[in-house]
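Below: one structure, written as structure tokens.
The values are calculated or read from the model by the stated rules, or taken from the named source; none is laboratory data. In this text the structure is predicted, and so the values were computed from the model without any measurement. All Cβ positions, even for glycine, are placed from backbone atoms using ideal geometry, and neighbour counts span all protein chains on display. Side chains are part of the model used for accessible areas, which takes the heavy atoms of the whole protein and leaves out ligands, DNA and RNA. Shrake-Rupley method; radii C 1.70, N 1.55, O 1.52, S 1.80 Å.
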Amino acid sequence: PYHNAQGDIEDFIYVFVNEQVSRETRYPYEQLIGGRLLHLFPGARPDGAFDRFVTIMKTGLAQQFEMLMQVNGRSRWGNVSAARHGDYLVCSFNDITALKEAQLAQERQTKLLHTVLNSNQNHIIAFD
């Protein structure tokens, strides 16, 4: 982590990424290594990732969570696992965008169906 003069975590500096990170983010490997998280991905703060990472570094407790992130103008859903390893934050990201979009579409369909059924003046009955 990059600390300010007061010792607070101000940012995170990339020290290693695999090729998949470079492909997904569309940043060359050379630009990522040594780059700061909030400079390369300013959405990490409003998305909540930055605060979670700070908490992980402070508490030492690993976290796994789903979140919607903005990556170079694209919305991506990720399943994120993050843990402190000594002075490092180690993260893995699994792109679950297609799965999450399907889940959200199903939730919208369910809500629409309930709205139609509950606002209908006719008697509607389902039997098994």
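Residue-level analysis places ASN72 among those that are under 15 Å from ALA44 (Cβ atoms), polar (S, T, N, Q) and open to solvent by 60 Å² or more (accessible area, probe 1.4 Å). When segment 4-36 is examined, which residues are found to be without any contact (Cβ under 8 Å) to a residue 40 or more places away in the chain, among the charged types (D, E, K, R) and under 23 Å from TRP77 (Cα atoms)? ASP11, GLU19, ARG23, ARG36 - these are the residues of segment 4-36 that are without any contact (Cβ under 8 Å) to a residue 40 or more places away in the chain, among the charged types (D, E, K, R) and under 23 Å from TRP77 (Cα atoms). The residue list PRO28, PRO46, PRO42 contains one member that is surrounded by fewer than 12 Cβ atoms within 10 Å (Cβ to Cβ), under 15 Å from the mean Cα position of the chain (by Cα) and within 26 Å of PRO1 (Cβ to Cβ), which is PRO46.
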